[in-house]
1. Any residue that is touching a residue at least 60 places away in the same chain (Cβ under 8 Å), open to solvent by 20 Å² or more (accessible area, probe 1.4 Å) and out of contact with any strand residue (DSSP E or B) (no Cβ under 7 Å at 6 or more places or on another chain) - is there at least one of those in segment 101-124?
2. Taking segment 24-35 as the search range and keeping residues that are under 27 Å from ARG163 (Cα atoms) and free of Cβ contacts under 8 Å to residues at least 40 places away in the same chain, which one is least open to solvent (accessible area, probe 1.4 Å)?
3. Restricting attention to segment 115-129, does a residue exist that is under 24 Å from SER81 (Cα atoms) and of a type in the set (Ser, Thr, Tyr)?
4. Where residues in segment 101-148 are among the charged types (D, E, K, R) and outside any loop (DSSP other than H, G, I, E, B), which of them is farthest from ALA89 (Cα to Cα)?
5. Out of the residues in segment 149-158 meeting the condition of being open to solvent by 60 Å² or more (accessible area, probe 1.4 Å) and in a helix (DSSP H, G or I), tell me which one is farthest from GLU90 (Cα to Cα).
6. Looking at PRO65, PRO127, which one is closer than 30 Å to VAL13 by Cβ and out of contact with any strand residue (DSSP E or B) (no Cβ under 9 Å at 6 or more places or on another chain)?
7. Give the residue, chosen from GLU73, GLU79, GLU93, that is open to solvent by 60 Å² or more (accessible area, probe 1.4 Å), charged (D, E, K, R), farther than 17 Å from TYR148 by Cβ and modelled with pLDDT under 95.
Amino acid sequence: MEKALLRHLQTEVERQCQFAMIALQDIEEASANGDGKLFWYSVQNLMVAIGRISRLLWPPDPLFPKRGLELRESLGVDEDSPLAARTFAEHFEHFDKRLETWQVTSEQHRFFDSYTEPLDVLAETAPEDRLRGYDSENNAVLFHEDAYELGPVSGALEELQRRAEGEMVKPRFTVDA
C-alpha cells in the first residue's frame, strides 16, 4: 500500500478517536447531570466512531487486501483490541434490524430500551426484551446479554489516538540519497 494512503487512513483513525473521546466525555457529563437524551446521543456517537475505527483497522472488503494489517501494524494495534468489537457497534448501527428480530423472537414482548436502571430491577425480564442499556456498576453499554465495558475501550482509544498522532508528526515522504 502506498505511504500516502496509509497516512490518510492513519489520519482518519486519529479523527475517529477524537470523536470517540468527545463522546466518552459527553457520556460522563450527561451521566453526572442526569441528562438521558445527551447520554444516549453520546453512546450512539461513541458506537459509530468505534464502528468506523473497527472498519478502518479490520476492513470487511478492502480494495488493498493487506490494508488492515498494514494499518494495524503501523499503529501497533493488537488483534484482541476492544476496538475490534464491530459486532457490538453494529447493534446500534443496525438497530432497525435488531428491533425487527425482537418483534419475531420475543415471547413476552416486554420492551426495555435505553435503560440505565440497575440490572437487578430487570432480573425478571427476558434478555431478548432488553435492548440498549447501560450498566453503571461496570461502566458497560449493554445489548441483550452482551456487555461492552467502556474502561478498556477508553484506554485503547487513548493509546490509539496517541500512536496515530505520532504518525502525523513523522515526515510525510522520505527521499532516498
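1. Within segment 101-124, the first condition is being touching a residue at least 60 places away in the same chain (Cβ under 8 Å), and the residues that meet it are 114, 116.
Now drop any that are not open to solvent by 20 Å² or more (accessible area, probe 1.4 Å), which leaves 114, 116.
Imposing the further condition that a residue be out of contact with any strand residue (DSSP E or B) (no Cβ under 7 Å at 6 or more places or on another chain) reduces the set to none.
Checked against the condition, which is being touching a residue at least 60 places away in the same chain (Cβ under 8 Å), open to solvent by 20 Å² or more (accessible area, probe 1.4 Å) and out of contact with any strand residue (DSSP E or B) (no Cβ under 7 Å at 6 or more places or on another chain), segment 101-124 yields no hits at all.
2. Within segment 24-35, the subset under 27 Å from ARG163 (Cα atoms) is 24-29.
In the following step, the residues that additionally are free of Cβ contacts under 8 Å to residues at least 40 places away in the same chain were identified as 25-26, 28-29.
Working: GLN25: 121, ASP26: 45, GLU28: 135, GLU29: 98 Å².
Ranking the qualifying residues of segment 24-35, first place goes to ASP26.
3. Taking segment 115-129 as the starting set, the residues that turn out to be under 24 Å from SER81 (Cα atoms) are none.
No, segment 115-129 contains no residue that is under 24 Å from SER81 (Cα atoms) and of a type in the set (Ser, Thr, Tyr).
4. Among those that are among the charged types (D, E, K, R) and outside any loop (DSSP other than H, G, I, E, B), it is ASP120.
5. Taking segment 149-158 and keeping what is open to solvent by 60 Å² or more (accessible area, probe 1.4 Å), we get 149, 152, 158.
Imposing the further condition that a residue be in a helix (DSSP H, G or I) reduces the set to 152, 158.
Working: PRO152: 19, GLU158: 22 Å.
Across segment 149-158, the extreme among qualifying residues is GLU158.
6. Details: PRO127 fails: closer than 30 Å to VAL13 by Cβ.
On inspection, the qualifying residue turns out to be PRO65.
7. Numbers: GLU73 fails: modelled with pLDDT under 95; GLU93 fails: farther than 17 Å from TYR148 by Cβ.
Result of the check over GLU73, GLU79, GLU93: GLU79.
Condition check ((1) closer than 15 Å to ARG163 by Cα; (2) open to solvent by less than 70 Å² (accessible area, probe 1.4 Å); (3) modelled with pLDDT under 95) across all residues:
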residue	(1), (2), (3)
GLU2	no, no, yes
LEU9	yes, yes, no
VAL13	yes, yes, no
CYS17	yes, yes, no
ILE22	no, no, no
LYS37	no, no, no
ASN45	no, yes, no
ILE53	yes, yes, no
PHE64	no, no, yes
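The values are calculated or read from the model by the stated rules, or taken from the named source; none is laboratory data. Given the structure is predicted, the values throughout are model-derived calculations rather than measurements. Glycine also receives a Cβ, built like all others from the backbone with ideal geometry; neighbour counts cover every protein chain displayed. Only protein heavy atoms, including side chains, enter the accessible area calculation; ligands, DNA and RNA are left aside. Shrake-Rupley method; radii C 1.70, N 1.55, O 1.52, S 1.80 Å.
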